[in-house]
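One structure is given here, and the rest of the page talks about it.
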């Protein structure tokens with residue numbers, strides 16, 4: 001009896017996106033009863049184990065920040081980005097496996113990926129936009145603006161796909177959707193109309209340049225919401241002001257739907273433990 005030749009093993013599918021990085025937001029609360037059950041003689045060892053996980057440069061994702069979260073929704077916030085999603089989740093799992101991790105209760109998470117917005121114009125689209133605004137395509141000023149934009153474009157793309165996290169002290173995160181309501185269905189609007197509304201939205205944000213910077217990541221097909229917005233600010237007051245200002249834009253006022261807001265303050269793992277009186 002002959003047997004058919006064994007099939008060659010299927011290759012493992014790649015976890016690395018063709019474009020962009022994986023991004024995850026994790027939020028935790030301390031279980032105070034569980035913390036109180038730790039032997040006082042071993043609490044310092046437990047704290048050091050926790051710190052070692054966070055500070056392990058060999059295991060850390062390429063982007064990672066921790067925050068003290070204000071309010072009762074969470075005590076700790078953790079934002080991570082890396083091409084490999086398992087490298088991100090590994091930190092989460094290692095934290096939970098520590099002795100302090102038994103007292104760490106996950107309260108919320110958000111899984112997404114970085115992307116380049118379809119509303120970010122390429123060189124030709126930017127030139128066409130200048131012409132529509134009345135610029136003379138034969139003028140030296142027009143050529144200079146287009147050339148300048150073309151030079152800046154690679155930097156803008158890189159900042160959206162693999163952004164550096166700013167070290168500004170205040171952070172706000174929230175998930176959001178574009179509505180599908182009757183009469184206000186974003187996805188039935190013509191692309192030109194959506195582009196115009198997003199341009200207005202971006203213009204409002206530009207007023208906060210140097211005060212607030214943002215990261216918008218896509219969660220379509222990955223989480224319950226469609227996008228996640230992370231804002232960093234030089235002062236928490238600016239978080240309030242930019243969100244209030246931009247909600248008057250049509251893209252937000254008519255089509256925006258928002259999930260829970262988390263506000264936090266940049267801190268080291270050691271500072272978080274001290275703040276939480278552990």
Pair list, Cβ < 9 Å and 6+ apart or interchain, from the range 190-213 residues that are on the phi > 0 side of the Ramachandran plot and in contact (Cβ under 8 Å) with a residue 12 or more places away in the chain to residues that are surrounded by 11 or more Cβ atoms within 10 Å (Cβ to Cβ) and not in a strand (DSSP E or B):
210/234
Please indicate, with yes or no, whether at least one residue in the range 188-197 is assigned to a loop (DSSP other than H, G, I, E, B) and either closer than 15 Å to residue 250 by Cα or over 15 Å from the mean Cα position of the chain (by Cα) (or both).
yes
Consider residue 127 carefully, then state whether it is outside any strand (DSSP E or B), buried (at least 16 other Cβ atoms within 10 Å of the Cβ) and modelled with pLDDT under 95.
yes
Qualifying positions in the range 230-250 - outside any helix (DSSP H, G or I) and surrounded by fewer than 19 Cβ atoms within 10 Å (Cβ to Cβ)
234, 235, 247, 248
Looking at the range 235-255, I want the residues that are without any contact (Cβ under 8 Å) to a residue 24 or more places away in the chain and have a partner that is not in a helix (DSSP H, G or I) with Cβ atoms under 7 Å, at least 6 apart or on another chain. Which pairs are those?
253/247
Inside the range 195-222, can you point out the residues that are touching a strand residue (DSSP E or B) at 6+ places or on another chain (Cβ under 9 Å) and either surrounded by fewer than 17 Cβ atoms within 10 Å (Cβ to Cβ) or at pLDDT below 95 (or both)?
205, 211, 214, 216, 220
If you check 135, 118, which single one turns out to be more than 26 Å from the chain's Cα centre (by Cα) and assigned to a loop (DSSP other than H, G, I, E, B)?
135
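Can you pull out the residues in the range 256-278 that are free of Cβ contacts under 8 Å to residues at least 40 places away in the same chain and not in a loop (DSSP other than H, G, I, E, B)?
Within the range 256-278, 274 is the sole residue that qualifies.
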Picking from 90, 63, 99, which residue would you name as being touching a residue at least 40 places away in the same chain (Cβ under 8 Å), more than 17 Å from residue 273 (Cβ to Cβ) and surrounded by fewer than 21 Cβ atoms within 10 Å (Cβ to Cβ)?
63
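The values are calculated or read from the model by the stated rules, or taken from the named source; none is laboratory data. Just so it is clear, the structure is predicted and the values come from calculations on it, not from any experiment. With ideal geometry, Cβ positions are generated from the backbone for all residues, glycine too; neighbour counts draw on all protein chains shown.
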